[in-house]
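Heads up, the thing below is written out as structure tokens.
The values are calculated or read from the model by the stated rules, or taken from the named source; none is laboratory data. As the structure is a prediction and not an experimental result, all values here were calculated from the model. Cβ placement follows ideal geometry from the backbone for every residue including glycine, while neighbour counts extend to all protein chains displayed. Quick note on the areas: whole protein, heavy atoms, side chains included, nothing else; ligands and nucleic acids left out. Shrake-Rupley method; radii C 1.70, N 1.55, O 1.52, S 1.80 Å.
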Amino acid sequence: MKKRPTLVVNHENLRHNMSTIIGWCRDAGIDVAGVIKVTTGLPSVALDYESCGARWIASSRLEQLIRARDAGVKIPLLMIRVPMLSELDEMVKVCDYSLESSLDTLKALNEAAGNNGKVHNVILMADLGDLREGFFEKEELVDVAKYVESDLEWIHLAGIGTNLGCVGSVKPNKEKMDMLADWAEAVEEAIGRPLEIVSGGATSSLIPLFDGVMNPKVNMLRIGAVSHIGPLEDLRTCYGREEVDVLSDECFVLEAEVIETNVKPTHPIGELGVDAFGKKAVYVDRGRRRRAILAVGRADYGDIDDLVPELEGAEVAMASGDHTIVDIEDCREPIRVGDIMRFKLKYSSLMRLTASENVTIEEI
Ligand SMILES: *Cc1c(COP(=O)(O)O)cnc(C)c1O
């Protein structure tokens, strides 16, 4: 018997998405760094990116990049979470490139690279308003770039980059891409040579590309979410971009087993306190309805909003750490104990499911 719950990875769909996106970028003179943190760094996903034409494999976690290398990835590895001082030595051994935003770290990195006898490539980050990593003032970024170029012999300044549409929800647009290009030109003028890389952001930076306003100096994007999730992700659901409708939303499917299908009231009976997670929940009374309980829960996937049932009429109603309650009253097909229900997945549920030891990964 197959061990449940199962996460089915469809590599054909995944490679369709990756090839399509890498093609869009190539047409705009942009190389793609394939970001693998979405699946907790499944090595087969890194290999898919490589075979579809990604130029780097990127992750926010060193152990995921180590697994990719061990699985046979040949292209350069890029660390995209600015590193901890405590991991510089290992990072230099594992990675060829990293994003950097702190002078102290760069100095320590130079020492670590020297100790390992290996030149390390850096992309200095510009914070253009999203308020995550990066130098906030252009002059500061230029000064640090000059210092790296002239004083840090084990570090090669490969380029600059930015990250948008993250903690600050700032939308990548023409203005931000032009600003990044302007900062890159200022660095090039200061160091007297062109930069190899101007890294314009993540999935959300496809917006200026779709709009045809991408600054031609931008030549790298670091793409994770949209390759994996396709149109279920923000580009479609939040920004209404139809371009992504050609992508598959069935690269990853969760299969969970039904363990009960009793008819029950939809409003709890009794004095209400808090739920299993200490939260006060609101329940809508829809009368008595048939509900399936599945043997998978928030411990595995996080939040019920990040599961999308494939079966028409099914609706995820509530969940505990280990149970998911799905309203099946309006489903035309009968559902019995032992049946399997399938769900498409949004970003954070995919990230958690791939990290859960309860979930079996099946690759097709
Ligand atoms: C996660 C991340 C990405 C990829 O973001 P997606 O939205 O998944 O494409 C790119 N760059 C950095 C620095 C990241 O942390």
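Which residue, of M1, M91, M84, M79, is aliphatic (A, V, I, L, M) and outside the structural domain of G114 (by TED's automatic domain parsing)?
M1
Output the residue which, of all residues in the stretch 22-64 that are open to solvent by 20 Å² or more (accessible area, probe 1.4 Å) and among the charged types (D, E, K, R), is farthest from A355 (Cα to Cα).
Taking the candidates together, the pick is D27.
Hey, among the residues in the stretch 125-141 that are surrounded by 21 or more Cβ atoms within 10 Å (Cβ to Cβ) and either within 19 Å of K171 (Cα to Cα) or touching a residue at least 60 places away in the same chain (Cβ under 8 Å) (or both), which one's farthest from the ligand (Cβ to nearest atom)?
F135
Can you pull out every residue in the stretch 221-234 that is open to solvent by less than 20 Å² (accessible area, probe 1.4 Å), within 9 Å of the ligand (Cβ to nearest atom) and in a helix (DSSP H, G or I)?
Passing the criteria: A225, V226, S227, H228, I229.
Would you point out the residue of the stretch 160-218, among those that are more than 25 Å from L235 (Cα to Cα), of a type in the set (D, E, K, R) and part of a loop (DSSP other than H, G, I, E, B), that is least open to solvent (accessible area, probe 1.4 Å)?
R193
Of all residues being aliphatic (A, V, I, L, M) and over 19 Å from D306 (Cα atoms) in the stretch 331-360, which is least open to solvent (accessible area, probe 1.4 Å)? Just the residue, please.
I335
Which condition number in (1) away from the ligand (no atom under 16 Å from the Cβ); (2) at pLDDT 95 or above; (3) out of contact with any Ser or Thr (no Cβ under 8 Å at 6 or more places or on another chain) is the one that D249 fails?
For D249, the exception is condition (1).
Note down all Cβ pairs under 7 Å where the first residue falls in the stretch 213-230 and is in the same structural domain as V35 (by TED's automatic domain parsing), the second is modelled with pLDDT under 95, and they're at least six residues apart or on different chains.
Between residues of the stretch 213-230 that are in the same structural domain as V35 (by TED's automatic domain parsing) and residues that are modelled with pLDDT under 95, the close pairs are A225/E233; V226/E233; V226/L235.
Please determine whether any residue of the stretch 334-341 is at pLDDT 95 or above, closer than 24 Å to V45 by Cβ and in contact with a helix residue (DSSP H, G or I) (Cβ under 6 Å, 6 or more places away or on another chain).
No, the stretch 334-341 has no match at all.
Just to be sure I understand, how many residues within the stretch 290-316 are open to solvent by 30 Å² or more (accessible area, probe 1.4 Å) and basic (K, R)?
Of the residues in that region, 2 qualify.
Would you mind telling me which numbered condition in (1) in contact with a helix residue (DSSP H, G or I) (Cβ under 6 Å, 6 or more places away or on another chain); (2) closer than 30 Å to P5 by Cβ W183 fails?
The single condition W183 does not satisfy is (2).
Yes or no, residue by residue, for (1) farther than 19 Å from I80 by Cα; (2) assigned by TED's automatic domain parsing to the domain that holds P172; (3) over 29 Å from the mean Cα position of the chain (by Cα); (4) outside any strand (DSSP E or B):
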| site | (1), (2), (3), (4) |
| --- | --- |
| A108 | no, yes, no, yes |
| A112 | no, yes, no, yes |
| N115 | yes, yes, yes, yes |
| N121 | no, yes, no, no |
| L124 | no, yes, no, no |
| G129 | no, yes, no, yes |
| E139 | yes, yes, yes, yes |
| D143 | yes, yes, yes, yes |
| K146 | yes, yes, yes, yes |
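If we scan the stretch 268-286, do we find a residue that is closer than 17 Å to H323 by Cβ, outside any loop (DSSP other than H, G, I, E, B) and without any contact (Cβ under 8 Å) to a residue 60 or more places away in the chain?
Scanning the stretch 268-286, I find no residue that is closer than 17 Å to H323 by Cβ, outside any loop (DSSP other than H, G, I, E, B) and without any contact (Cβ under 8 Å) to a residue 60 or more places away in the chain, so the answer is no.
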